[in-house]
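Structure record follows, encoded as structure tokens.
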Amino acid sequence: MTTAPHAADNAEVTEVDTSARCALLLLLAFAVLWLVVSGVLALVNLVQLHTPALLADCSLLTYGRTHALQETAFIYGWAANAGLAVALWILARLGGSPLRSLNWVMAGTVFWNLAIALGLVGIATGDGTSNAWLHLPRYVLPMMLVAYGTIAVPGVLAWSGRRHETAFAAQWYGVAALFLFPWIFSLAQVMLVFVPERGVLQALVAGWFVQGAWTLWLAPLALTAAYYLVPKLSGRTITSYEFAALSFWTLLFVGAWTGGRHLIGGPVPAWIPTIAVVSCALLLFHYIVVALNLRAAFSGGGSTVMKFMALGLGAYVLGGFIDAATALRSVAAFSQFTYFSTAQTQLALTGAFSMLLYGAIYFLAPRITGQPWPSVVLIRAHYAAALTGTVGLVIALAGAGWIQGHDLRDPLVSFAAIAAHVRPWLLIATAAQAILLFGNLLLAAHLVRLIAAKSAAPAAGLFRPAPAMEAPAS
Amino acid sequence: MSDQDPIDPRLEQAGASDESLLTAHEKLRGWKADDGANYRMLPLVLLFAFSGLIFYAGIYLNKYSVRYSPSAFDENAPANTGAGPAVKVDPLVLGKKNFESVCATCHQATGLGVPGIYPPLAGSEWVSGSNERLIRIVLYGLKGPVKVKGVEYGAAAMPVFGKVAGSGYNWSDEKIAATLTYVRASFGNTSPAITADQVTAIRTKEGDRKEWSQEELLKLP
Amino acid sequence: MRNGFTFFVGLFLALGLAWAGIVLGSHLQLGHLAPYFDESEGKAFPERMPGIAARGQLVYQDLGCASCHTQQVRRPDFGSDKARGWGDRQSVARDYVSQVQVQLGESRIGPDLANFGARPQAVDADRLTQYLYDQHGGMPAYRFLFETRKVTGERSAKALRAAAPAGWEIVPTPRAEALVAYLQSLTNVYEYPEARPVVPAATKEGEHK
């Protein structure tokens, strides 16, 4: 109540933004750096799929290792840094007061990224753990946990010290993501790496962790951005807002139960995949409500941020429906273990998560730097590259998965024949990945230019005072 | 602030201030399925969809959870799969395996033995006859002359198979029963099966002892 | 701070329930799963891995083989796992109790390996070593698992029949030997009581309930 005077209530840029400039830019710079690194590794990885000889003599970069490296760089490098930056910023703005202990945030950011760099070297030299989404070697995990804490705590504090008693949907998602990840991460570390469970229980913990990290951490981080930016840009309230809370709790309570999704027909008691199937179906409610709540994004007009939001939300909801369909046992018998699962992961990560975060970054960066982005062309080109790259990648992988699933069912088709059949699709996927990487390089270059530009234009004049939101009309 | 402004992607302007955004949504909180006379379909449809999903989930869970059994890996399995005592192996399968790995060395895979040295099992009165004698021979072995199918075998040396003192094989009662059952149902023999309980009974009755001779066995029923 | 406390309790419950249900629940069911002692065979299954195979499992893990190969056979009527000769029965939890790091895998870019050592079309150790050296099928060559060295005295018995310059030979490193031993040790054959396929008659009975 005391920090910000009421006169500044409708000012678009306040001390909340300017004070967090360094910390958030550091997070974003690391995020974009890892995004590019992961893009390069993903490209190598995809080329290795259709040309196995590439780098085969380099033990640091076998297919298995580039796969682990690109996944780790994407999730813990890009997604974590960018998601944290956006969530911290939104929680601070909605909380109404500047973030606290920002020096700790910066120290934490440095250590978090140091740990990732160390971890990637560790994976390349053979210390990887071969657990999906948790390939990182054991020696960097405790450091990451501590670093995460120092980054996330100011966000939770911003929420608990908020000026409005009733929290807004974006705040629920943000706080849930910031608060829940350390628990999931530490439980998974202990049960998979430090005191490993016995036998197939490892696979169950890993499944729970992957689904938990998506539904309790990354998806909420992306939704924080979506629930804030869509009403903020459109100037209209969220439709059917009364269902947002039910949808939020559905995601949280049901999400991690989908952990057995990839173990259908596997060596685990039948009830575990059954629960996963059921949970995937229940989650449909969450996806339907998200689509309804944020449908303003799909009629966004000329705003580029809104276009990113629309793409991301479209991918998110589509992904939810595809997950529910492929979780069914009769479909899983066909799609399991194929590139189709890879396509689903890409739809969620590059389709939904990255798109929503790109949009948030384009909105956020000018406000914390007090500068407009230097180039319209670069933004448009990035959008075009992200759109074509993601669509191409997901469709090509799904096509490859379709053929692979079909071929795998026929015991007479050899693996060499399958590789030949899917090769054209993998080539398309490689091209799409190259386009994505190109787009992300543009983003990186653009961000560097934005940070480097030190124009004298006063920040205050750049932003129009935002109008008041329309009163909810029935 | 007019809506006709072209949107500059380098610097997107907000459509609403944070303060008004929070205030506006604060007012929207609360349940408004039926807002006065303003009756709205959407909330009802959503609730209906949610209930439908829960209903479907319940049915599916009930049908394919196999009562949360830890040992049912097939969702179509009957609820008691693996829950009871371990399912017994077919004695004929186990017996065949044992016979082929051990007994066939002397009695041959055909059960015909080797004339003059190893007596046959096919059509043998010892195999098809008294359970009491047959089980004792395998449990404790047989030494000395024996007459099979009218042919005299001078110095039989059937080894000790049972879990008794001096045994080189230490076969369990189940294993002996399965092997005998197999022998009694193969090579043209058609005698009834022998159960592990019968073997156990004889083994507990006799305790530890030396190999049988033909005379001792013939005194038994 | 309205709802603050309830909100965090809700978050904890959301996390805790799923964890308790999936992780803790299955831990209680399977955590003490023991090898199955077979009276007639006189030993317990699954058999323990030889030491060299256990070292090979670490090689399998750190090279990331699991990103292309699964180690889980699905039941005969589910996919073509049986028809491809990967195993006659479905893999069950007990198959993995003695493995340090379970590598179920999520992708079948290459064939399933759960039963690699006992498949009808089994590959012997020499040929497997050769596969790792050459590019076999879609699998890249793993040349860094081999060393080229000068023949001193007699040629090594382990040397590959690959074309090496005269006076030189190509031999597998201990890592390659361990990996081969590990792959050869993978079997999925023993018929556990819980691994028997469900009899169709029993299925019908289940449906009536």
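The values are calculated or read from the model by the stated rules, or taken from the named source; none is laboratory data. Since we're looking at a predicted model, the values are computed, not measured. Please note: Cβ atoms are built from the backbone with ideal geometry, for glycine as well, and neighbour counts cover all protein chains shown.
The table that follows gives values for the structure above.
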| item | result |
| --- | --- |
| Only one of A:Arg21, A:Arg65, A:Arg93 that is surrounded by fewer than 22 Cβ atoms within 10 Å (Cβ to Cβ) and either out of contact with any strand residue (DSSP E or B) (no Cβ under 9 Å at 6 or more places or on another chain) or over 20 Å from A:Leu218 (Cα atoms) (or both) | A:Arg21 |
| Helices (runs of 4 or more DSSP H) wholly inside region A:268-372 that include at least 1 residues being basic (Lys, Arg) and touching a residue at least 40 places away in the same chain (Cβ under 8 Å) | A:304-327, A:329-335, A:355-369 |
| Count of residues meeting criterion [within 9 Å of chain C (Cβ to nearest Cβ), more than 20 Å from A:Ile428 (Cα to Cα) and not β-branched (Val, Ile, Thr)] in region A:49-68 | 8 |
| Filter result for the condition that a residue is more than 14 Å from every other protein chain (Cβ to nearest Cβ), surrounded by 16 or more Cβ atoms within 10 Å (Cβ to Cβ) and touching a helix residue (DSSP H, G or I) at 6+ places or on another chain (Cβ under 7 Å), over A:Ala107, A:Ala132, A:Ala115 | A:Ala115 |
| Residue under evaluation A:Val195, criteria (1) aliphatic (A, V, I, L, M); (2) surrounded by 22 or more Cβ atoms within 10 Å (Cβ to Cβ); (3) more than 7 Å from every other protein chain (Cβ to nearest Cβ), criterion not met | (2) |
| Region C:17-32 - residue that is within 22 Å of the chain's Cα centre (by Cα) and within 17 Å of A:Val190 (Cα to Cα) and, of those, surrounded by the fewest Cβ atoms within 10 Å (Cβ to Cβ) | C:Gly31 |
| Residue within region A:258-267 that is over 28 Å from B:Tyr60 (Cβ atoms) and polar (S, T, N, Q) present | no |
| Test: C:Arg155 is out of contact with any Phe, Trp or Tyr (no Cβ under 9 Å at 6 or more places or on another chain), closer than 30 Å to A:Arg138 by Cα and not in a helix (DSSP H, G or I) | no |
| Unique match (being surrounded by 16 or more Cβ atoms within 10 Å (Cβ to Cβ), in a helix (DSSP H, G or I), modelled with pLDDT under 90 and within 7 Å of another protein chain (Cβ to nearest Cβ)) among B:Ala77, B:Ala24 | B:Ala24 |
| Condition broken by B:Thr190, with the remaining ones in (1) within 19 Å of B:Gly95 (Cβ to Cβ); (2) in contact with a Lys or Arg (Cβ under 7 Å, 6 or more places away or on another chain); (3) at pLDDT 85 or above satisfied | (2) |
| Residue tally, condition in contact (Cβ under 8 Å) with a residue 12 or more places away in the chain, farther than 29 Å from C:Glu191 by Cα and part of a loop (DSSP other than H, G, I, E, B), over region C:88-143 | 4 |
| Those residues of region C:41-84 which are facing another protein chain (nearest Cβ under 8 Å) and in a loop (DSSP other than H, G, I, E, B), in sequence order | C:Leu63, C:Gly64, C:Cys68, C:Thr70, C:Gln72, C:Arg74, C:Arg75, C:Phe78, C:Gly79, C:Ser80, C:Ala83, C:Arg84 |
| Options A:Leu364, A:Leu378, A:Leu347: the member that is more than 7 Å from every other protein chain (Cβ to nearest Cβ), in contact with a Lys or Arg (Cβ under 9 Å, 6 or more places away or on another chain) and closer than 28 Å to A:Phe438 by Cβ | A:Leu378 |
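Residue-by-condition table, conditions (1) buried (at least 23 other Cβ atoms within 10 Å of the Cβ); (2) in contact with a Ser or Thr (Cβ under 8 Å, 6 or more places away or on another chain); (3) more than 14 Å from chain C (Cβ to nearest Cβ); (4) among the hydrophobic types (A, V, I, L, M, F, W, C):
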{"residue": "A:Val290", "(1), (2), (3), (4)": "yes, yes, yes, yes"}
{"residue": "A:Asn293", "(1), (2), (3), (4)": "yes, yes, yes, no"}
{"residue": "A:Phe298", "(1), (2), (3), (4)": "no, no, yes, yes"}
{"residue": "A:Val305", "(1), (2), (3), (4)": "yes, no, yes, yes"}
{"residue": "A:Ala315", "(1), (2), (3), (4)": "yes, yes, yes, yes"}
{"residue": "A:Ile322", "(1), (2), (3), (4)": "no, no, yes, yes"}
{"residue": "A:Val331", "(1), (2), (3), (4)": "no, no, no, yes"}
{"residue": "A:Thr338", "(1), (2), (3), (4)": "yes, yes, no, no"}
